[in-house]
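Bear in mind these aren't lab numbers, they're just calculated from the coordinates by the rules spelled out. Here the structure is a predicted model, which means the values were calculated and not measured. Cβ sites come from the backbone with ideal geometry, for glycine too, and all protein chains shown count toward neighbours.
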Amino acid sequence: MRIQAAKRLMTLKVVYYGPGLSGKTTNLHSLHALTADTQRGALVQLDTETERTLFFDYFPVVLGKIAGFRVKVDFFTVPGQSFYTATRKAVLQDADGIVFVADSGSRREEANLQSREDMVETLASMGRTLEDVPHVYQWNKRDLDDVLPLRVMNAQLNPEGATAIEAVASAGTGVMETQKAILAEVVKAIQAELKRARHA
Ligand SMILES: Nc1nc2c(ncn2[C@@H]2O[C@H](COP(=O)(O)OP(=O)(O)O)[C@@H](O)[C@H]2O)c(=O)[nH]1
Ligand SMILES: [Mg+2]
């Protein structure tokens, strides 16, 4: 979270994480398209020779103000390929919320597990645990013929029982619901933090 006191602005960072090709970029493209253009910035791909990240920022009307601050949300995706480890770490740094986009394709079971493990390890290297970080799961590509049962995905990837949403990101289905769910979790965490601070 970044606070700009003079501007009375609070900037939150939400990261879409998951294995390569699970639909993270598709989520951001859909979300960007579904968002009123008066409230959002351009969809930007940050490209360097070795790194690739997609980004846009957004003023969600529904959030209004928190503690007198306007709220802006920066949405990021991370590249899934293993050689982008440093980028994934940089993007996860300071994340206020994480959407784990899992691929429902039955052949992607191992890739989902590996990616979640990487995420947990990367958070640990920053002294954080999944418990501390507001997060939701998106079971994407529910339109495929050969999908992993939801029961299996929940048991393997979501033992903590976080909010999980079915999606077909390429059709825009479940994209807004996922975004609303993660923002709700993030706001809940901030409000709990503010309450603790007031009582401290
Ligand atoms: N069938 C199906 N394909 C999808 C869905 N979401 C994304 N895709 C496709 O999966 C491929 C990888 O998506 P992309 O967003 O680039 O994945 P990323 O690597 O996680 O960013 C693309 O060809 C998408 O069109 C979905 O819900 N269903
Ligand atoms: Mg991508």
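Here's the list of lysines a cross-link from K188 could span, going by alpha-carbon distance under 22 Å and ignoring same-chain residues fewer than 8 apart: K13, K65, K72, K180. Rounded to whole numbers, the Karplus 3J(HN,Hα) couplings from phi for region 156-172 are 7, 10, 10, x, 7, x, 5, 4, 10, 10, 7, 8, 10, 4, 5, 9, x Hz, using 6.51 cos²θ - 1.76 cosθ + 1.60 with θ = phi - 60°, and x at Gly and Pro.
Within the chain, what's the longest stretch lacking trypsin sites (Lys or Arg not before Pro) that sit in DSSP loops with no more than 13 other Cβ atoms inside 10 Å?
Working: sites that count: K7, R8.
By the stated rule (loop sites, at most 13 other Cβ atoms within 10 Å), 9-200.
Between E121 and V61, what length comes free when the chain is fully extended (0.36 nm per residue of separation minus the Cα-Cα distance, one decimal in nm)? Please report the intermediate quantities before stating the final value.
On the way: separation 60, 0.36 × 60 = 21.60 nm, distance 3.44 nm.
Length difference between fully extended and current span is 18.2 nm.
Looking at the chain, identify the longest residue range that excludes and avoids all GluC sites (Glu not before Pro) in DSSP loops having at most 13 other Cβ atoms within 10 Å. Formally, the longest exposed-site-free interval is 50-130.
Extension gain, L130 to A200, is 22.7 nm, computed as 0.36 nm per intervening residue step minus the present C-alpha separation.
Proximity of backbone amide H atoms, modeled 1.01 Å from N, is registered between V78 and Y16 at under 5 Å, excluding neighbours fewer than 5 places apart on the same chain. Computed over the chain, the per-residue total of -39500 (n - 2.57) for DSSP H runs of n ≥ 4 gives a 222 nm mean residue ellipticity of -11000 deg cm²/dmol, rounded to 500.
Rounded to the nearest whole Hz, the Karplus-based 3J(HN,Hα) values (6.51 cos²θ - 1.76 cosθ + 1.60, θ = phi - 60°) of region 68-78 follow the sequence x, 9, 5, 10, 10, 10, 9, 9, 10, 10, 10, with x at glycine and proline.
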